[in-house]
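Asker: First the structure, then my questions, so here it is.
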Amino acid sequence: MTDTAAKKVAVIIPTLGRNACVRQTLQDLSQQSYRDFEIWLVDQNQPWLTELGAHVGDVKFFHEKTKPLGSHGGRNHAIFKTTAPICIFVDDDVRLDSEFIASHVSHLEDNSRTAAVVGRVVQPKDGFTENQMRELGKPALYNRWTGLVSGNFIGERSSSIAHIHECNFSA
């Protein structure tokens, strides 16, 4: 990639042991409607992943090859290298809608008091389809001290927080 201009958003993905999954996540990122972003893949695999360029298309891509740092250490590694003012953190096994980045940026820019945006995580073990979860309609409880979300996380809610827990958030 020859683009040297600073990007507005850095999508940071620490990865270890999820070769096929991270390739799908990269493919989803290449199809985002919002284009002013770069990807930082912090590869903690041994051996390191190869042939990733086909999965990111024309998106500015940094493939950082490191010893195992864990998810937090991997995120911190990329934070210190990017100059993007917005960082979006995703796990290496997520599927992303084409409006994922646009939605994060919109929420962060629409309210100057918003410092972070967190998303809903739906896992097969929860036993609900997407439609079933929408029909339930009851937002989850968000613990502002631990950053944990309990159950069905649907809808939008603003609150003060003291901590963000784990994956799929931006700041």
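The values are calculated or read from the model by the stated rules, or taken from the named source; none is laboratory data. No experiment lies behind these values; they were computed from the predicted model shown. Glycine also receives a Cβ, built like all others from the backbone with ideal geometry; neighbour counts cover every protein chain displayed. The accessibility values were calculated without ligands, DNA or RNA, using every heavy atom of the protein model including side chains. Shrake-Rupley method; radii C 1.70, N 1.55, O 1.52, S 1.80 Å.
Asker: Express the carbon and sulfur contribution to the solvent-accessible surface of the range 1-107 as a percent, rounded to the nearest whole number, probe 1.4 angstrom.
Answerer: 53 percent
Asker: With charges set only on the Cβ (+1 for Lys and Arg, -1 for Asp and Glu), what does the dipole of the range 1-72 come to about its Cα centre, in debye to the nearest 20?
Answerer: Using Cβ point charges on Lys, Arg, Asp and Glu, the range 1-72 gives about 160 debye.
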